[in-house]
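The values are calculated or read from the model by the stated rules, or taken from the named source; none is laboratory data. Only a predicted model underlies this, so the values are computations on that prediction, with no experimental measurement involved. Note that we place each Cβ from the backbone using ideal geometry, even for glycine, and neighbour counts take in every protein chain shown. Accessible surface areas use protein heavy atoms only, side chains included; no ligands, DNA or RNA. Shrake-Rupley method; radii C 1.70, N 1.55, O 1.52, S 1.80 Å.
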Amino acid sequence: MTKASVKPGSGPVLVPVLGDQLSHDLPSLADRAPGDTVVLMMEVWDETQYVRHHKAKIAMIFAAMRHFAAELEARGFTVDYVKLDDPGNTGSFTGEVARAVQRHGARGVQVTEAGEWRVRTMIEDWRETLGIRVRVLPDTRFVCPLPDFYAWAAGRKQWRMEYFYREMRRRTGLLMDGDQPAGGKWNYDAENRGGPDAECRPPSPAHFRPDAVTRDVIDLVAARFADHFGSLDAFHWPVTATQANKAFDRFLEERLPLFGRYQDAMMAGADTMYHAVISPALNMGLLDPVDLCRRAETEWREGRAPIEAVEGFIRQVIGWREYVRGIYWLTMPDLASANRLEVDRPLPEFWWTGETDMACVADCVRVTRDTAYAHHIQRLMVMGNFALLAGLSPQDVSDWFLVVYADAYEWVEMPNVIGMALFADGGKLGSKPYAASGAYINRMSDYCGGCRYDVKKKTGPDACPFNALYWHFLSRNEKRLSGNPRLANPYATWRRMAEEKQQAYIDSADAFLATLEPAGKGWARG
Ligand code: DLZ
Ligand code: SF4
């Protein structure tokens, strides 16, 4: 795009609203008079291809965008909505903004800052390439403004979520009695670790039957993205704020009371356990994080849910979610290429096909393919843990997570994957790698009973692969990690082990790793 190709006029202000900015209180909309504004919404090829997103993720975003456009129109805004197949669609945000500036003779562009580095850079170039006034507003839909996060991080050697979280509690007043944490403790994590038991019978979350608008989008995605990962058959996502709020109400009523207890548990076939499953709608902007937390707090204050459930939920939303966003912006662009453990094994084919004898991995890939969702502990302790132990390339793994999950945008996905799950940032985010053997998965799930591998066997072709891989991981990273006080016990055990036993672990893991078929097709990037 050359500067000369776009002529700004004296017309309205153009407000591009991106696919994860579907909030009526978006700062770039909040101060605009509808009569002097054109809202631009764009379905663009490039956004579907920078990684080749799961079909259901694309469908959810397009469907929510189309519904949101209709809501804006009902509020009096003029919305210029560019559909994917519209003639002349250039396929990029920059191309579409340029065309729209011309079409409307816009005198300026006002936009809320983007959630991803790639798009932020694009927007920074608009002033130059479009030769027009571009006003970029901070995204106020988060509790912690980025400058506040940078100031918090600047004063510390280690960026521990727990301390940041306490500040967010104070800032919002959530679960606070005066200046003290409600219930007497800041964090009830220790009570969030129940495995599945007889009382664990999670009810299913709210499902929404696609309306005509969503069905059109599903047809479009089926036709245009047939070779992308994932299925559209079970599409049931909320695509409006009203639906997303209904889904959340149902969570509060039916699942919040046991959410804390079973937060880390997994059961084959119980795909969403007691989780809220609101992250896809939340990260698109359909829900307001602080509002969700206040509603959860009311459940505790009125005696309908225990503190460990409510605190656990609030910690995820105003603690972890805000914290990873801060870390993303603080550490980009280096975060994207971080690889402190220097590993480069390509993603195995079964990460896409689910064809593996490991029952836990197969179930996680199945639910991911069918729904574009898996819950936190499936992501971290099955897929993430496998990637860490097997030494998969952090960038391949990060791409996979960005492709497959409906809630995944780089700001939330990358710190979670590169930092938390893979320790590829060298431990800025977590104080130790989340490495675990089969025993952990066995304790927290019912997967192992139905697995062809034996979780109790340590080595050999029938042993659970996680067992030997765990020691392989520790042994190959001994120089880097043995000084970590939180790994003192496992390293002491390793060093006490007879040499033949150590060798049996290494050989067993090597034999397993040799069976991994690298993914053949460019599933994530074309
Ligand atoms: C993820 C996504 C996809 C698949 N498609 C679009 C799109 O066509 N139009 C759009 O506005 N947003 C889309 N998104 C979300 C954007 O990628 C997201 O807004 C940016 O990555 C955040 O910086
Ligand atoms: Fe997973 Fe190992 Fe259990 Fe099989 S035995 S389900 S591979 S943890």
Sticking with the crude label model, points 7 Å out along Cα→Cβ, report the distance from GLU517 to ARG304 in nm, one decimal please.
5.0 nm
Using a Förster radius of 45 Å, what is the FRET efficiency between ASP227 and ARG201 based on their Cβ-Cβ separation? Nearest 0.05, please.
0.70
Compute the helix-to-body angle for 93-104: its Cα long axis versus the longest principal axis of the chain, expressed 0 to 90° and rounded to tens.
20 degrees
Cα atoms only: what Rg and Dmax, in Å, come out for segment 1-121?
13.9, 41
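From Cα pairs below 8 angstrom and at least 6 apart in sequence, can you work out the relative contact order of segment 42-164, rounded to a whole percent?
About 21 percent, as a whole number.
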First check a/c for segment 77-193, with a ≥ b ≥ c the square roots of the eigenvalues of its C-alpha gyration tensor; if it is under 1.5, answer rounded, and if not, answer prolate when a/b is larger than b/c or oblate otherwise.
prolate
Test item: Cα-centred dipole of segment 211-319, Lys/Arg +1 and Asp/Glu -1 on Cβ, debye
160 debye
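Taking the solvent-accessible surface of protein heavy atoms with a 1.4 Å probe, what is the per residue accessible area of segment 250-407 in Å²? Let's see the in-between values first.
Details: 4350 Å² over 158 residues.
Here the residues of segment 250-407 average 28 Å² of exposed surface.
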Between ARG452 and ALA70, how high is the FRET efficiency from 1/(1 + (r/R0)^6) when r is the Cβ-Cβ distance and R₀ = 51 Å? Nearest 0.05.
0.50
Taking a probe of 1.4 Å and leaving out DNA, RNA and ligands, segment 100-225 shows per residue an accessible area in Å² of 52 Å²
Just want to confirm a number: the relative contact order over the chain, from Cα pairs under 8 angstrom separated by 6+ residues, in percent.
17 percent
The Cα radius of gyration of segment 415-471, divided by 2.2 N^0.38 Å with N its residue count, comes to 1.32
Take THR140 and ASP189, extend 7 Å from each Cα along the Cα→Cβ direction, and tell me the distance between the two endpoints in nm.
3.3 nm
Provide Rg and Dmax in Å for the chain, with only Cα atoms included in the calculation.
23.8, 80
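Quote the FRET efficiency, to the nearest 0.05, computed for ARG294 versus GLN502 with a Förster distance R0 of 41 Å and r equal to the Cβ-Cβ distance.
The pair ARG294/GLN502 has a calculated efficiency of 0.20.
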Quick one: dipole size for the chain, taken about the Cα centre, charges +1 on Lys/Arg Cβ and -1 on Asp/Glu Cβ, in debye to the nearest 20.
1000 debye
Round to the nearest 10 and give me the degree value, 0 to 90, for the angle of helix 241-254's Cα axis relative to the longest principal axis of the chain.
30 degrees
Ranking ALA223, GLY195, ALA241 by how far each Cα lies towards the positive end of the charge dipole of segment 174-263 (+1 on Lys and Arg Cβ, -1 on Asp and Glu Cβ), the top one is ALA223
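Which percent of the accessible area of the chain is formed by carbon and sulfur heavy atoms (probe 1.4 angstrom)? Each step should come with its number before you reach the end.
Details: 10530 of 20940 Å².
The computed percentage sits at 50.
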Choose one of LEU481, ALA511, GLY526: the residue whose Cα lies farthest towards the positive end of the charge dipole of segment 437-526 (beta-carbon charges +1 Lys, Arg; -1 Asp, Glu; about the Cα centre).
LEU481
Quick one: helix 117-130 against the long Cα principal axis of the chain, what's the angle to the nearest 10°, folded into 0 to 90?
20 degrees
Calculate the spin-label point distance for ALA30 paired with ASP125, positioning each point 7 Å from the Cα along the beta-carbon direction, and give it in nanometres.
3.0 nm
Segment 313-395: proportion of alpha-carbon pairs further apart than 20 angstrom, %
48 percent
Can you tell which of THR331, LEU232, TYR434 lies farthest toward the positive end of the dipole of the chain, using +1 and -1 charges on the Cβ of basic and acidic side chains (Lys, Arg; Asp, Glu)?
THR331
Values of log10 I(q)/I(0), in the order q = 0.09, 0.18 Å⁻¹, for segment 205-341 under a Debye, Cα-only, solvent-free model:
-0.36, -1.11
Any chance you could run the full-extension gain for ASP86 through ASP462? It's 0.36 nm times the residue separation minus the Cα-Cα distance, nm to one decimal.
129.9 nm
In debye to the nearest 20, the charge dipole size for segment 437-526, taken about the Cα centre with +1 at each Lys and Arg Cβ and -1 at each Asp and Glu Cβ, equals 380 debye
Classify segment 357-432: rounded, prolate or oblate, from the alpha-carbon gyration tensor (a ≥ b ≥ c, eigenvalue square roots; a/c under 1.5 rounded; otherwise prolate if a/b is larger than b/c)?
oblate
Of the listed pairs LYS57/LYS83; LYS456/LYS479; LYS428/LYS479; LYS57/LYS521, those with alpha carbons more than 25 Å apart are LYS456/LYS479
In terms of modelled amide H atoms, which long-range or inter-chain residues lie less than 5 Å from the amide H of ARG135?
VAL109, GLN110, VAL111
